[in-house]
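Single-structure report; data block below.
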Amino acid sequence: MATREPKIIALVCNWCTYTAADLAGTSRLIYPANVRMVRFMCTGMIDVKYIIKAFLEGADGVFVGGCHPGDCHYINGNVKAERRISGLQVLLEQFGIDPKRFTLKWIGASEGPEFQRNMQEFTRTIAELGPQIESDMMIL
Amino acid sequence: MIVEFENTLNTPDAVRAFLKRLLDDALADAVLTAFASPHSPLPMPTLMIDSQLLDRAVPLAPAAPLNTARMAARVLSKDIGKRIAVVLRPCEIRALIEMEKLSQCTLDPAILISMDCFGRMENDRYLELAATQDDPESAFYATPDLQEAVCPSCRACLRFIPENVDVTLCLAGQSDKKGVTLVSGSLKGEKVLKKLGGTSTDLPLGRQADIDRIMARRQTHREEMTTGAAARMADMAVFQQTIANCLNCYNCRVACPVCYCKECVFVTDVFAHRPEILMGRAMKKGAVKIPTDTTMFHLTRMAHIAHACVGCGQCSSVCPSSIPVADLFITVSEKVQEHYGYIPGQDPQRPWPFLVVETDKQVE
């Protein structure tokens, strides 16, 4: 089990990171298949429970991708997300979840190669950290 | 303004006399305080209009079957033109201030009264005390041993001196004195004390020494508690053991004064899983525990409100499985509150950290 492929959940904003992923796709940029993407209308609507759920269901890492500050389609949802997520990082660390497993990045709609690079880097980080928790032993 | 009040009566009687004066002199239209009904010695928050009935009030009783801030918020959910004096513990005052920020109540019509808090006992412990003592209230303040029998969150509470109140009842340093010293903390409070017309005085001499003594003891307890709790959630496997007996009754959520959502996601259809979902989950792992999502519940509740936890400990008190929910919460919230630089109940003008948008980032 220790060598299993890392599972990564990416929660991404419809207006930027998701579009960047689309661009990466149409540009034939390859990124690791470990990443499972979930599209949100804004990172500001990502409640902490979605991130907690991802970890409890066996994700080894969670990536949140939003618009650059100032570019939010809904004015400031991304900044709110950053604030909320920073607190969650502090919280999860106390439960033995390495803050490195959990990252927030700004990737604009035109940044296809940036998206690819981020996915590769994050997947490498998570692979180095190894599996997070054996969700089989969880009561949940 | 500092006033010495009724220095011939013993302290709990002097406090009762003070509350009666509020009604008799029309300084308040009603008083919300702890009241032991004829049916049980356990005091319940009671809204009182008739000053005669205040004889049975026990504002200083070391018991709090629920966080009275929630009850106060009901009375104060809108301004109906009546001035309501509410007697709350410091943690309850903090909760009420947080609730006002969340538009759950208005504090304009309220006269906030609080006391140096020696803690509350669990209900069964208080009932035991009340069964053997005619006057459990006075017995508690006269007996240091009893003051050690308060619930764990109170033993570890460092914020037992009221903040942001109109009137403080000084109890620290009061043990061998009669009467009660009242301190105003606002213009509203000062007006009340002026109309009351007691003798102007200084803070009780031994007060600071008494506060320091209690603080030192509590700091020790707090360190013990947070170290213990941190070990109980050091990783997910240990945390599973800690909450293994959780029944998903959500009592902790109901009792929590700052977990205020009327429609909590955990009691909606989102978590009322359909049979195909349950079968799917069982298929994934070979079995699924029902009720589901126990870990999810505790982690999510912490993530939602750890920054606002006032440390009242009601979540532990109501747990049917004796899970030390409050120990965990207090430990986690210490870190989260430090991260946000947010101290619940400290500054009524300061919004919840989630609601603050750093504007410089927006236009970067």
Could you work out the Kirkwood radius for chain A, taking every pair of different alpha carbons, averaging 1/r and inverting it, reported in Å?
15.1 Å
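Given the pairs A:Lys53/A:Lys80; A:Lys80/B:Lys285; A:Lys100/B:Lys289; B:Lys20/B:Lys101, which are separated by over 25 angstrom at their Cα positions?
Working: A:Lys53/A:Lys80 20 Å; A:Lys80/B:Lys285 36 Å; A:Lys100/B:Lys289 30 Å; B:Lys20/B:Lys101 30 Å.
Result: A:Lys80/B:Lys285; A:Lys100/B:Lys289; B:Lys20/B:Lys101 exceed 25 Å.
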Calculated from DSSP helices alone, with each H run of at least 4 adding -39500 (n - 2.57) and the total divided by the residues of chain A, [θ]222 nm to the nearest 500 comes to -12500 deg cm²/dmol
Once a ≥ b ≥ c are taken as the square roots of the eigenvalues of the Cα gyration tensor of region B:2-215, is the result rounded (a/c under 1.5), prolate (a/b larger than b/c) or oblate (a/b not larger than b/c)?
rounded
Measuring from its Cα centre, region B:1-102 shows a charge dipole (+1 at each Lys and Arg Cβ, -1 at each Asp and Glu Cβ) which, in debye to the nearest 20, is 380 debye
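One quarter of the convex hull surface, Cα atoms only: what value does that give for the protein assembly as shown in nm²?
Average projection, Cα convex hull of the protein assembly as shown: 26.5 nm².
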Taking a ≥ b ≥ c as the square roots of the Cα gyration tensor eigenvalues, with a/c under 1.5 meaning rounded and otherwise prolate when a/b beats b/c or oblate if not, region A:1-82 comes out oblate
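As a test of understanding, state the convex hull volume per residue of region A:63-124 from its alpha carbons, in Å³. Walk me through the intermediate numbers first.
Numbers: hull volume 4.0 nm³, N = 62.
Taking the convex hull of the Cα positions in region A:63-124, it is 65 Å³ per residue.
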Alpha-carbon spread of chain B, three principal axes, descending order, Å
74, 56, 38
Report the relative contact order of chain A, percent, no decimals, based on alpha-carbon pairs under 8 angstrom and at least 6 residues apart.
37 percent
When chain A is treated as a GNM, springs tying every alpha-carbon pair under 10 Å, which of A:Ile30, A:Ile46, A:Ile126 comes out with the largest mean-square fluctuation?
A:Ile30
Mean separation of Cα contacts under 8 Å (6+ apart) over length of region B:235-346, as relative contact order %:
33 percent
For chain A, find the longest principal axis of its Cα atoms and tell me its angle to the long axis of helix A:77-93, 0 to 90°, nearest 10.
10 degrees
Charged-residue dipole, Cβ positions (Lys, Arg, Asp, Glu), region A:58-140 about Cα centre, Debye nearest 20
280 debye
Order of B:Glu163, A:Glu121 - criterion: other Cβ atoms within 10 Å of each residue's Cβ, fewest first
A:Glu121, B:Glu163
In chain A, what cysteines have no partner Cβ closer than 4.7 Å?
A:Cys13, A:Cys42, A:Cys72
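Just to be sure I follow: if Rg is taken over the C-alpha atoms of region B:235-346 and Rh is the Kirkwood radius over the same atoms, what is Rg/Rh?
On the way: Rg = 15.2 Å, Rh = 15.2 Å.
Here Rg/Rh amounts to 1.00.
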Most fluctuating residue of B:Ile277, B:Ile343, B:Ile111 in a GNM of chain B with Cα springs under 10 Å: which is it?
B:Ile277
For the protein assembly as shown, what proportion of DSSP beta bridges, expressed in % and rounded to the nearest 5, is antiparallel?
35 percent
Sorted by average packing, counted as other Cβ atoms within 10 angstrom per residue and highest first, what order do B:133-145, B:246-258, A:12-24, B:82-94 take?
B:82-94, A:12-24, B:246-258, B:133-145
Using alpha-carbon pairs under 8 Å, 6+ residues apart, how would you state the relative contact order of chain B in percent?
19 percent
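Per residue of B:235-241, count partner chain C-beta atoms within 10 Å of its C-beta, then hand back the mean as an integer.
Details: counts 5, 12, 5, 2, 5, 5, 1.
Mean shielding count: 5.
To the nearest whole number, what is the average tally of beta carbon atoms from other chains within 10 Å of the beta carbons of peptide B:124-133? Before the final figure, lay out the partial values.
On the way: counts 0, 0, 0, 0, 0, 0, 0, 0, 0, 0.
Per residue, the number of nearby Cβ atoms from other chains is 0 on average.
Count, for each residue of A:49-62, the Cβ atoms from other chains sitting within 10 Å of its Cβ, then give me the mean as a whole number.
Per residue, the number of nearby Cβ atoms from other chains is 3 on average.
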Once you've got the GNM for chain B with C-alpha springs shorter than 10 Å, pick whichever of B:Val167, B:Val325, B:Val270 has the biggest mean-square fluctuation.
B:Val270
Within 10 Å of each residue's Cβ, count the other Cβ atoms and sort B:Glu4, B:Glu148 from fewest upward.
B:Glu148, B:Glu4
What ³J(HN,Hα) values, in whole Hz, does the Karplus curve 6.51 cos²θ - 1.76 cosθ + 1.60 give for region A:103-111 when θ = phi - 60°, with x put for Gly and Pro?
9, 10, 10, 9, 10, x, 4, 8, 9
Helix A:112-129 versus the longest principal axis of chain A: what angle, 0 to 90°, nearest 10, using Cα atoms?
10 degrees
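Any read-out appearing in this document is the output of simple, stated calculations on the displayed coordinates, not a laboratory observation. Remember, predicted model here, so these are calculated numbers, not experimental data. Neighbour counts are summed over all protein chains in view; Cβ atoms, including those assigned to glycine, are modelled from backbone coordinates with ideal geometry.
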